[in-house]
C-alpha cells in the first residue's frame, strides 16, 4: 500500500468511528422519543441504544461499501473486504431483528404485567427465545449463502440429523409441546395450590421442560410438562369457595327441643359469619352415633387463601362452642357404660318398662297424632310462604308493566 492509501484508510476509520457514534445517538434518541410508550415500564436509554447500534453499523457499512473502492486497494485485499461486507451486512440485519424481537416482547411484557395471570409472564421469555432462534437460523442460512456454501446439501443433512435428533429426544419434544399446552390452556398459574400425579403443593415455576411445585413440607418437586399435559390436574387455588364439613356430637341426654334450638343457632352463626357462603349450607341433626347425637355442618368459606380459611374455621368453631356453653349443651366423647347387678338393698340401674303392650301402643298413637299435626302445620306454613311469595312477584310484575 502507498502512503496516501494508509492515510486514507486511517482517515476513513476515524470518520467511520465518529459517524457511528453520532448516528447511534441520533437513532437512539428518535427511537426513545417515539417507541418508549410501547416498551416495558422503566426502559432506560441503554435499551433503545442497543437497538440503535446495529442500525448505525448497517448504515455505516453501506457507506463504506461505496467509499472503499476510492482507496484503490489491491485486488486480493479488495476481495477479502468485499467478502467481509457480504457477511457482516446480514449479521447486522440479524442483530437488528434480534433487537426488534426484544422491543416487541417488551411491549407484551408490559401488557402481561397488567393481567392477573402469572403464566403469561413465564410465556414471554419462551416466545422471545423461540423468535430469536428462528431469526438466527434464517440469517445463518443467508450468511452461508453469502459464503457460497451448498445450501441444498446442507439442508438435506440437517433434515436427516433433525429426524435422528427427534427420535432420540422424544421426551424433550413431548415436554416442549406440553409446556405450550400449559401456556395456552392455563390450567393453573404461579402461586396456585395444585395436586398433580399425587403431588400437592404451590406452583413455583413453569419453564420449557418442567413445572416446579413447592410442597407443604417445603421440598421442591419437578414434574415434566409432558406428564402434566396428559394427566388430571386438581387446582385447589381456583376454588371460588372452600368446603368445610364437620360433625358436632352432643350427649344423648340432650332434649330434642334443645337440639332443635342448637341446630337453628348454628344456622344463624353461618348466616352471620363474615366469610361463609350464605346461599348454600346444610346444618341438620343427622345421625345417632355409638356415643353421641351427631349434627352435620356442611358449609363453604369464601376466602382467597388457606390461611384465611383456617382463620374462618377458628372463628366459626369458637362461635359454636360459645353457643353450646350458653345453652348448657355438653359435647359427647367416646364412653362406655358398665352395668353392675343390683344388690338386694339397692335399686337396679337397669331401665324399667312398667307399661303393658297396649299402653305402649297408646303412647305411640298419641305421639304420632302430635307428630302428624306438627308436620301438617309445617306444610301449611310453607304453603302460606309460597302464596305470599307469588303475590309479591305478581305485584312487582304489575308495577313493572304499569311503568
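The values are calculated or read from the model by the stated rules, or taken from the named source; none is laboratory data. Just so it is clear, the structure is predicted and the values come from calculations on it, not from any experiment. Methodologically, a virtual Cβ is constructed for each residue, glycine included, from the backbone with ideal geometry; neighbour enumeration extends over all protein chains shown.
If we scan the stretch 233-243, do we find a residue that is free of Cβ contacts under 8 Å to residues at least 40 places away in the same chain, surrounded by 14 or more Cβ atoms within 10 Å (Cβ to Cβ) and over 24 Å from residue 374 (Cβ atoms)? Checking the stretch 233-243: at least one residue is free of Cβ contacts under 8 Å to residues at least 40 places away in the same chain, surrounded by 14 or more Cβ atoms within 10 Å (Cβ to Cβ) and over 24 Å from residue 374 (Cβ atoms). All conditions in (1) in contact with a strand residue (DSSP E or B) (Cβ under 9 Å, 6 or more places away or on another chain); (2) at pLDDT below 90 hold for residue 198, with the sole exception of (1).
Every condition in (1) within 33 Å of the chain's Cα centre (by Cα); (2) touching a residue at least 24 places away in the same chain (Cβ under 8 Å); (3) outside any helix (DSSP H, G or I) holds for residue 279 except the one numbered (2). Flag not set for residue 179, criterion: farther than 30 Å from residue 62 by Cα, at pLDDT below 70 and part of a helix (DSSP H, G or I). Scoring residue 304 on the criteria (1) touching a residue at least 24 places away in the same chain (Cβ under 8 Å); (2) exposed (fewer than 14 other Cβ atoms within 10 Å of the Cβ) leaves a single failure, condition (1). Inclusion of residue 277 among residues that are modelled with pLDDT of 90 or more and in contact with a strand residue (DSSP E or B) (Cβ under 9 Å, 6 or more places away or on another chain) is warranted. The C-beta contact set for the stretch 125-136 (first residue in contact (Cβ under 8 Å) with a residue 12 or more places away in the chain, second residue not in a helix (DSSP H, G or I), distance under 7 angstrom, 6+ apart or interchain) comprises 126/208.
Against the list (1) at pLDDT 80 or above; (2) within 26 Å of residue 113 (Cα to Cα), the condition residue 42 fails is (1). Considering (1) modelled with pLDDT of 80 or more; (2) surrounded by fewer than 11 Cβ atoms within 10 Å (Cβ to Cβ); (3) closer than 15 Å to residue 103 by Cα, the lone condition that residue 54 does not fulfil carries the number (2).
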